[in-house]
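A.B. asks: Have a look at this one before I ask anything.
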Amino acid sequence: IMFKILEEQKPEFLAVAFDVHAPTFRHELYKEYKGTRKPMPEELREQVPVIKEVLKAMGVCTVEKAGLEADDILGTLAKKGEKDGMEVALVSGDRDLLRIPKTKGGKTEIEDYYAKDVEDAYQVTPVQFIELKALMGDSSDNIPGVPKVGPKTATELMVQYGSLDNIYAHLDDISKKS
């Protein structure tokens, strides 16, 4: 996937972030965070040091920090890069980032989600998407969300009220039983 990106996009800068096997700030906020996830397969865990060595030999910057997930690091670097005037692209297998590599029939494609694509797919902006996930929960991270509020209700509420703060400000106006 990385070689495909290097070949097609020819980035001026590249960083690869890794998770550290340690609790994150999310685990401190919610002990059950990712509690249902299976651990990384041992055969993959054994490959990580070799991957890091190869990246180092290629001159690719690697970043990791205990207490943060790799995607937190990537998001921080992306915001800083955009602030500095760079065009930034993130790639992750984590669906939360919405730039997802997929392999079908031995061919890898990257499905990009730009702001318009997020709005078309989810009816909310990328910023609202974060709050949408908080409302409806995220089973992949073992985040329960608001009881009895699934994707459909969460989307309706976010479309109508625009933010979690505004939803809570209008709780008395919401007619849904849940």
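The values are calculated or read from the model by the stated rules, or taken from the named source; none is laboratory data. Bear in mind the structure is a predicted one, so any value in this text is a computation, not a measurement. Backbone-built Cβ (ideal geometry, glycine too); neighbour counts: all protein chains shown. Just the protein is used for accessible areas: all its heavy atoms, side chains included, with ligands, DNA and RNA removed. Shrake-Rupley method; radii C 1.70, N 1.55, O 1.52, S 1.80 Å.
A.B. asks: Report, by residue number, each residue of the range 157-178 that is surrounded by 14 or more Cβ atoms within 10 Å (Cβ to Cβ) and over 16 Å from Val127 (Cα atoms).
C.D. replies: Scanning the range 157-178 gives a single hit, Ile174.
A.B. asks: Okay, next question. Does the range 39-51 contain at least one residue that is farther than 22 Å from Phe129 by Cβ, modelled with pLDDT of 90 or more and open to solvent by less than 50 Å² (accessible area, probe 1.4 Å)?
C.D. replies: Scanning the range 39-51 turns up at least one residue that is farther than 22 Å from Phe129 by Cβ, modelled with pLDDT of 90 or more and open to solvent by less than 50 Å² (accessible area, probe 1.4 Å).
A.B. asks: If you check every pair at least six apart or on different chains, which have Cβ atoms under 7 Å apart with a residue in the range 108-133 that is at positive phi first and a residue that is surrounded by 13 or more Cβ atoms within 10 Å (Cβ to Cβ) and hydrophobic (A, V, I, L, M, F, W, C) second?
C.D. replies: Gln123/Val159
Residue by residue, here is whether (1) touching a Lys or Arg at 6+ places or on another chain (Cβ under 9 Å); (2) assigned to a loop (DSSP other than H, G, I, E, B); (3) closer than 24 Å to Gly81 by Cβ holds:
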{"residue": "Lys4", "(1), (2), (3)": "no, no, yes"}
{"residue": "Glu8", "(1), (2), (3)": "no, no, yes"}
{"residue": "Pro11", "(1), (2), (3)": "no, yes, yes"}
{"residue": "Val16", "(1), (2), (3)": "yes, no, yes"}
{"residue": "His27", "(1), (2), (3)": "yes, no, no"}
{"residue": "Gly35", "(1), (2), (3)": "no, yes, no"}
{"residue": "Met40", "(1), (2), (3)": "no, yes, no"}
{"residue": "Leu55", "(1), (2), (3)": "no, no, yes"}
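A.B. asks: List every residue pair whose Cβ atoms sit under 9 Å apart, with the two residues 6 or more apart in sequence or on different chains, where the first one lies in the range 41-66 and is in contact (Cβ under 8 Å) with a residue 40 or more places away in the chain and more than 18 Å from Pro11 (Cβ to Cβ) and the second, anywhere, is open to solvent by less than 80 Å² (accessible area, probe 1.4 Å) and in a loop (DSSP other than H, G, I, E, B).
C.D. replies: Listed pairs, sorted by first residue: Glu64/Phe18; Glu64/Val20; Lys65/Val20; Ala66/Val20; Ala66/Ala22; Ala66/Thr24.
A.B. asks: Tell me which residues, restricted to the range 122-169, are within 24 Å of Tyr33 (Cα to Cα) and among the aliphatic types (A, V, I, L, M).
C.D. replies: Val127, Ile130, Leu132, Ala134, Leu135, Met136, Ile143, Val146, Val149, Ala154, Met158, Leu164
A.B. asks: For the range 15-38, enumerate the residues that are closer than 15 Å to Asp71 by Cα and either open to solvent by 60 Å² or more (accessible area, probe 1.4 Å) or among the aliphatic types (A, V, I, L, M) (or both).
C.D. replies: Ala15, Val16, Ala17, Asp19, Val20, His21, Ala22, Pro23, Phe25, Arg26, listed by residue number.
A.B. asks: Also, I was wondering about something else. Here is a check on your reading of the model: is Ala154 open to solvent by less than 70 Å² (accessible area, probe 1.4 Å), part of a helix (DSSP H, G or I) and modelled with pLDDT under 90?
C.D. replies: No; evaluated as a whole, the condition is false for this residue.
A.B. asks: How many of the residues in the range 5-22 are in contact with a Cys (Cβ under 8 Å, 6 or more places away or on another chain) and of a type in the set (Gly, Ala, Ser)?
C.D. replies: 1
A.B. asks: Checking the conditions here, which among Pro11, Pro23 is on the phi < 0 side of the Ramachandran plot and modelled with pLDDT of 90 or more?
C.D. replies: Pro11
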